Amino acid sequence: MARYALKVNGKPRSVDADSDTPLLYVLRDNLALRGPRFGCGLGQCGACTVHVNGEAVRSCMLPVSAVKGDITTLEGLGSVAQPGKLQQAFITEQAAQCGYCANGMIMTSAALLARNRNPSETEIRDALAGNLCRCGTHQRIVAAVKRAAST
Ligand code: FES
Ligand code: FES
């Protein structure tokens, strides 16, 4: 067990955890940030995606001791009262059915839009190819990302 100083959504946070604890567990269990979801725990579904220094990473596969840089979670993009641009676009396009994949879809899309303000549909689909949605809302998710890109 060791103490780790993290910066999460712009705020300094201190957590006590074993060095191999996945960042996902630290965010959800220590810091009560429930945006990132546990899906597969194997880096294969994308439900746990967060940003580290603006890059989309799978927090289930990243030990807390290996985190180097600022962390942004879904909560850092907006709130229920004040949703961010992508979050609002997902609401407007009704891009969630069960919603379990939405965190990963939004965080991966946010990283895409940060490096490419106007992605083509192919670029959106390529960026999201590793994010799984069991409900089949892919068309609406792509529409939501397009909407966010155009606003
Ligand atoms: S829970 Fe991390 S990729 Fe599936
Ligand atoms: S909306 Fe259910 S997994 Fe994507």
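The values are calculated or read from the model by the stated rules, or taken from the named source; none is laboratory data. Small disclaimer: the values here were computed from a predicted structure and weren't measured. Ideal geometry is used to build each Cβ from the backbone, glycine not excepted, and the neighbour counts take in all protein chains shown.
A few points about this structure:
- Residues of the stretch 19-39 that are loosely packed, with under 15 Cβ neighbours inside 10 Å and in contact (Cβ under 8 Å) with a residue 24 or more places away in the chain: S19, D20.
- Members of the stretch 61-93 that are touching a helix residue (DSSP H, G or I) at 6+ places or on another chain (Cβ under 6 Å) and either at positive phi or basic (K, R) (or both): G78, K85
- Pick from the stretch 22-51, criterion assigned to a loop (DSSP other than H, G, I, E, B) and in contact with a Ser or Thr (Cβ under 8 Å, 6 or more places away or on another chain), ranking: farthest from ligand 2 (Cβ to nearest atom): L33
- Entry remark, the stretch 110-151: residues being within 16 Å of ligand 1 (Cβ to nearest atom) and polar (S, T, N, Q) number 1 in total.
- Residue list for the stretch 92-109, filter: within 16 Å of ligand 1 (Cβ to nearest atom), surrounded by 12 or more Cβ atoms within 10 Å (Cβ to Cβ) and either in the same structural domain as N9 (by TED's automatic domain parsing) or assigned to a loop (DSSP other than H, G, I, E, B) (or both): G99, Y100, C101
- Qualifying residue in the stretch 65-81 (condition: within 16 Å of ligand 2 (Cβ to nearest atom), within 18 Å of M105 (Cα to Cα) and of a type outside the set (S, T, N, Q)): yes
- Within the stretch 110-139, being in a helix (DSSP H, G or I) and more than 24 Å from I71 (Cα to Cα) holds for E121, T122, E123, R125, H138, Q139.
- Scanning the stretch 125-151 for residues that are more than 11 Å from ligand 2 (Cβ to nearest atom), of a type outside the set (G, A, S), in contact (Cβ under 8 Å) with a residue 12 or more places away in the chain and more than 20 Å from Q44 (Cβ to Cβ) yields V142, V145, K146, R147, T151.
- Odd one out for I71, checked against (1) free of Cβ contacts under 8 Å to residues at least 12 places away in the same chain; (2) of a type in the set (V, I, T); (3) crowded, with 20+ Cβ neighbours inside 10 Å: (1)
- A Cβ distance below 6 Å, combined with a sequence gap of six or more or placement on separate chains, defines the contacts here; from the stretch 40-53, residues that are farther than 15 Å from C101 by Cα and touching a residue at least 12 places away in the same chain (Cβ under 8 Å) reach residues that are buried (at least 24 other Cβ atoms within 10 Å of the Cβ) and among the aliphatic types (A, V, I, L, M) in the pairs V52/I71.
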